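I have placed the structure first, in the form of structure tokens, so that the comments after it can refer back to it.
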Amino acid sequence: MKSHIIKRLVEIVGVENVNTDPAEIYCYSRDSTPFQYFADVIIRPTNIAEVSKVLKLANENRIPVYPRGSGTSAAGSPLPVKGGMVVDLTRMNRILGFDEENLQVVMEPGVICDDLNEFLKDYGYFFPPDPASSSAATLGGMVANNSAGNRAIKYGKTKDWILWLEAVLPGGEIIHTGSNTLKSVSSYDLTKLLCGSEGTLAVFTKIGMRVQPLPEAYKTAMFLFDDLDRAGKAIVKARASGVVPCAMEFLDRLTINTSADYAGLDIPDCEAMLLIETDGTESAAEKELKIIIETVEKMNPNQWKIAQDEEERNSLWVARKSAYAALARRSVTTTMEDLTVPISKIPEALKRIQKIPERFDNLIRVATFGHAGDGNLHPTFLYDERVPEQRDAFFKALKIIYDEVALDLGGSITGEHGVGLIRKDFVEKEHGPVEMSLMKGIKRVFDPHNILNPGKGKPWGSTGEPEEV
Ligand SMILES: Cc1cc2nc3c(=O)[nH]c(=O)nc-3n(C[C@H](O)[C@H](O)[C@H](O)COP(=O)(O)OP(=O)(O)OC[C@H]3O[C@@H](n4cnc5c(N)ncnc54)[C@H](O)[C@@H]3O)c2cc1C
């Protein structure tokens, strides 16, 4: 990067917040996918004025800008595929206020999800979206990816809680989308458009969201099955039971064994586990769990049990939430995929996923877990990216996951992780040419020079963007 640009960046954010050290650049070169790209410079702004000036400079000089939170993306979405600047938003991490009368919280984008919930707990409230990465994921990253997680089945995704956004456009202009009120239809819904935009339309600098009173009680049950198909059918039946649980998670044998070992839990060997939780008042949560148990029992689980206390509930959740980290200890490379299928297709999806490794002489392994209650599965591939045959088998398996499972069963290529790099070859297959051209048009309106997160699948798909947009 030219020295006069670096000099100008130093003037904007201060010398301590501009870094070109190769070791530092290396640290920003990856997320949890097998891709690696290097930026020219890392910038760490601390306020909106700095973000605006950095973007204006980048836009005038046509330098790619990659916004980044904690880098927990499972899609390659923050990676600097075209070099340029990574703008790390984690220093903008203040909770700016909680309005208890209007049930709204305002924060900067670098606030970590668990820290926000720790803060809200003292007031008796919570922000429901709960990705398994909640101890690291920033709210900016969650808005950009419209993240969801364990509780989406009952409480929805990040976008369902965001009322307004303050954001900087690529030219440096500052916009305020949405409204402080719970209802407003006075414009196109730009807030919802930005939620899930994967850092390609604007950089968020302030987030206003509504929150939810904490439930009085949680009731949690674990069901073990020796047959994958029956577990899949139990999910379908439980979803149709009339109860909307606050979580309905699925883990297969490899995930259970690995996570139980990691969390120090004694779980008998089995093919599948369902973790189902209800919440509300003590009596409502109990009544709803009873209905779930009666329904799931009809599918003959080998065993089931109710968590007897908070400690037991927590240890089950530690096992589920640490699934990816636990699997990562078993393999050089662990790549988590993200498809959704209609609920009724879960048993068939599970069957097709489990058969993938044998199509590659078991060169790669697959462990599947996920938010089964909303049809969202995370087949996670274990392999060694340094071995060409294994890497090649992984990319072929990816094609099977999206072409032969997700799309063939009428689902979507990503439920919550986003398109990023890893799913860019499949986005047109799901959306077709007309929707793709609408998305490209939106991108051109927000970012005419294509400086914001260029090279990604949203909105360009597999064809990539034209040289000069
Ligand atoms: C172990 C593990 C478990 C996970 N579990 C879940 C899960 O249950 N549910 C789920 O939905 N996801 C999950 N994820 C995916 C990931 O954690 C989420 O997408 C998360 O919200 C990303 O936040 P981040 O701060 O790490 O963002 P990053 O990874 O840094 O960035 C993600 C995207 O957001 C953009 N971005 C970041 N900040 C801003 C900003 N201020 N303005 C504009 N764009 C911005 C980036 O450009 C990028 O496109 C998991 C990931 C891992 C590794």
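Every number in this text was worked out from the coordinates using simple rules, so none of it is lab data. Every value quoted in this text rests on a predicted model; they were computed, and no experiment measured them. Cβ sites come from the backbone with ideal geometry, for glycine too, and all protein chains shown count toward neighbours.
So, by mean Cβ neighbours within 10 angstrom, what's the order for 355-367, 384-396 with the highest one leading?
Order by mean packing, descending: 355-367, 384-396.
How far is the Cα center of segment 302-341 from the Cα center of segment 209-264, in Å?
A separation of 10 Å, based on Cα centres.
With a ≥ b ≥ c the root eigenvalues of the C-alpha gyration tensor of segment 217-324, is it rounded (a/c under 1.5), prolate (a/b larger than b/c) or oblate?
Oblate, because a/c is 1.5 or more while a/b does not exceed b/c.
How far, in degrees from 0 to 90, does helix 253-263 lean away from the longest principal axis of the Cα atoms of the chain, to the nearest 10?
80
Determine the calculated [θ] at 222 nm for the chain from helices alone, applying -39500 (n - 2.57) to every DSSP H run no shorter than 4 residues and normalising by the residue count; nearest 500 deg cm²/dmol.
-10000 deg cm²/dmol
Could you let me know the centre-to-centre spacing of segment 62-77 and segment 397-467, using Cα atoms, in angstrom?
With segment 62-77 and segment 397-467 each reduced to a Cα centre, they are spaced 16 Å.
Can you list the HN-Hα couplings for segment 225-235, worked out from phi with the Karplus curve (6.51, -1.76, 1.60; θ = phi - 60°), rounded to whole Hz and with x for Gly and Pro?
Each residue of segment 225-235 in turn: 10, 9, 9, 5, 5, 5, 4, x, 5, 5, 4 Hz.
Rank by packing, highest mean first: peptides 25-38, 325-338, with packing defined as the count of other Cβ atoms within 10 Å averaged across residues.
Output ranking for 25-38, 325-338: 325-338, 25-38.
How far apart, in nanometres, would the label points at Thr463 and Asp384 be if each is projected 7 angstrom from Cα along the Cα-to-Cβ direction?
So the two model labels end up 4.1 nm from each other.
For a test of the definition: using alpha carbon positions, the gyration tensor, and the 1.5 limit on a/c, classify segment 331-407 as rounded, prolate or oblate.
Prolate.
Ranked by Cβ crowding within 10 angstrom, fewest neighbours first, how are Trp304, Trp164 ordered?
Taking fewest neighbouring Cβ atoms as first place, the list is Trp304, Trp164.
Hey, can you grab everything whose amide H is under 5 Å from the amide H of Phe126? Only 5+ residues off in sequence or another chain; H modelled, so Pro and N-termini drop out.
Here the answer is Gln212, Leu214, since their amide H atoms fall under 5 Å of that of Phe126.
In whole Hz, with x marking every Gly and Pro, tabulate ³J(HN,Hα) for segment 337-353 from phi via Karplus 6.51 cos²θ - 1.76 cosθ + 1.60, θ = phi - 60°.
Result, rounded to whole Hz: 9, 7, 10, 10, 10, x, 3, 5, 9, 4, x, 5, 4, 4, 4, 5, 5.
Give me Rg/Rg_expected for the chain, where Rg uses Cα atoms only and Rg_expected = 2.2 N^0.38 Å with N residues.
The value comes to 0.98.
Can you give me the long-range amide H partners of His378? Hydrogens built in the peptide plane at 1.01 Å from N, cutoff under 5 Å, separation of 5 or more residues or another chain.
Those qualifying (amide H under 5 Å, at least 5 residues apart or on another chain) are Phe369, Gly370, His371.
Could you give me the ³J(HN,Hα) list for segment 38-48, computed from phi with Karplus coefficients 6.51, -1.76, 1.60 and θ = phi - 60°, whole Hz, x at Gly and Pro?
Couplings: 10, 7, 8, 8, 10, 10, 10, x, 10, 7, 5 Hz.
Residues in segment 224-254 near a label at Gln212, defined as backbone nitrogen under 20 Å from the 7 Å Cα→Cβ point?
Answer for segment 224-254: 238-250.
Cβ neighbours within 10 Å, averaged per peptide: list 212-220, 248-256, 190-198, 309-317 in order, most packed at the top.
Listed from highest to lowest mean packing, they are 248-256, 190-198, 212-220, 309-317.
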